[in-house]
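Beneath this line is the structure, given in structure tokens, with notes to follow.
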């Protein structure tokens with residue numbers, strides 16, 4: 001029963017990848033990835049770590065959830081019209097993303113390829 005809780009995957013993945021440090025699940029609905037990056041940046045800023053992985057994913061594994069959402073929330077036309085008067089709901093999709101975050105000065109000193117800089 002306890003091995004199937006969503007938060008357990010974090011510990012299992014961390015162990016399987018032989019990573020060190022805290023691992024946590026952040027569930028904030030649509031902003032989970034942004035909050036995870038924010039938490040990772042804070043940990044880097046105060047020196048809790050030298051590198052951090054932050055990511056987000058969405059997996060639609062439960063047909064019951066999809067059934068109720070399709071009935072009440074999702075677009076009847078199956079198209080997303082964000083910020084448009086034709087909007088009649090939203091469209092779900094699956095995906096995942098992960099960022100490796102490091103202090104800029106250390107990334108440059110280590111010769112890392114920097115793809116983006118988060119300021120502030």
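Odds and ends about this structure:
- Within the range 57-96, the residues that satisfy the criterion of being assigned to a strand (DSSP E or B), at pLDDT 75 or above and surrounded by 11 or more Cβ atoms within 10 Å (Cβ to Cβ) are 57, 58.
- The range 1-19, subset at pLDDT below 85 and outside any helix (DSSP H, G or I), residue farthest from residue 98 (Cα to Cα): 1
- Enumeration of residues in the range 82-105 that are within 23 Å of residue 33 (Cβ to Cβ) and out of contact with any strand residue (DSSP E or B) (no Cβ under 8 Å at 6 or more places or on another chain): 82, 83, 87, 103, 104
- Residue pairs whose Cβ atoms lie under 6 Å apart, sitting 6 or more positions apart in sequence or on different chains, and linking a residue in the range 19-47 that is loosely packed, with under 13 Cβ neighbours inside 10 Å to a partner that is modelled with pLDDT of 85 or more, are 21/49; 28/35.
The values are calculated or read from the model by the stated rules, or taken from the named source; none is laboratory data. Keep in mind the model is a prediction, meaning the values are calculated, not measured. Every residue, glycine among them, receives a Cβ derived from its backbone with ideal geometry; neighbour counts consider all protein chains shown.
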